[in-house]
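**Student:** There's a structure below that I have some questions on.
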Amino acid sequence: MISILVLTAWLPPLRGKLLLTDEFVYDKQIADVWSCGVTLYVMAVGAYPFEDPEEPKNFRKTIQRILNVQYAIPDYVNISPECRHLISRIFVGDPAMASPCSYNRALILIQ
């Protein structure tokens, strides 16, 4: 069973839009790009990008970190500059502003 905390890490920030309002419009491409970014981060770093390292079970903090796009790649993790750049282009405050080719690049790196 997937926990809400793990599932939430794969959702892009909604910036003030609530899932249950008429204003929310689901964009599968944006969600797919964000999910690829989370997957890439987990594969490269070995941890979820938005969990607070000091309080990984604090659900509210994780949600805040997602909404604020607050993540860091630890210094001890050795990943290529291209991978680091791609992650930074995927994890943006407004998911519609993510690099248009981020999705394709993420798929290439994951394969």
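**Student:** If you take the residues in region 32-47 that are of a type in the set (A, V, I, L, M) and in contact (Cβ under 8 Å) with a residue 40 or more places away in the chain, which one is nearest to Val92 (Cα to Cα)?
**Tutor:** Ranking the qualifying residues of region 32-47, first place goes to Val33.
**Student:** Right, here's the next one. Mind checking whether some residue in region 3-21 is surrounded by fewer than 10 Cβ atoms within 10 Å (Cβ to Cβ), modelled with pLDDT of 55 or more and in a loop (DSSP other than H, G, I, E, B)?
**Tutor:** No, region 3-21 contains no residue that is surrounded by fewer than 10 Cβ atoms within 10 Å (Cβ to Cβ), modelled with pLDDT of 55 or more and in a loop (DSSP other than H, G, I, E, B).
**Student:** Sticking with this structure for a sec: So which residues in region 48-76 are surrounded by 13 or more Cβ atoms within 10 Å (Cβ to Cβ), touching a residue at least 24 places away in the same chain (Cβ under 8 Å) and assigned to a loop (DSSP other than H, G, I, E, B)?
**Tutor:** Answer for region 48-76, where residues must be surrounded by 13 or more Cβ atoms within 10 Å (Cβ to Cβ), touching a residue at least 24 places away in the same chain (Cβ under 8 Å) and assigned to a loop (DSSP other than H, G, I, E, B): Tyr48, Pro49, Phe50, Glu51, Val69, Tyr71, Ile73.
The values are calculated or read from the model by the stated rules, or taken from the named source; none is laboratory data. What you are looking at is a predicted structure, and each value in this text was computed from that prediction instead of being measured. All Cβ positions, even for glycine, are placed from backbone atoms using ideal geometry, and neighbour counts span all protein chains on display.
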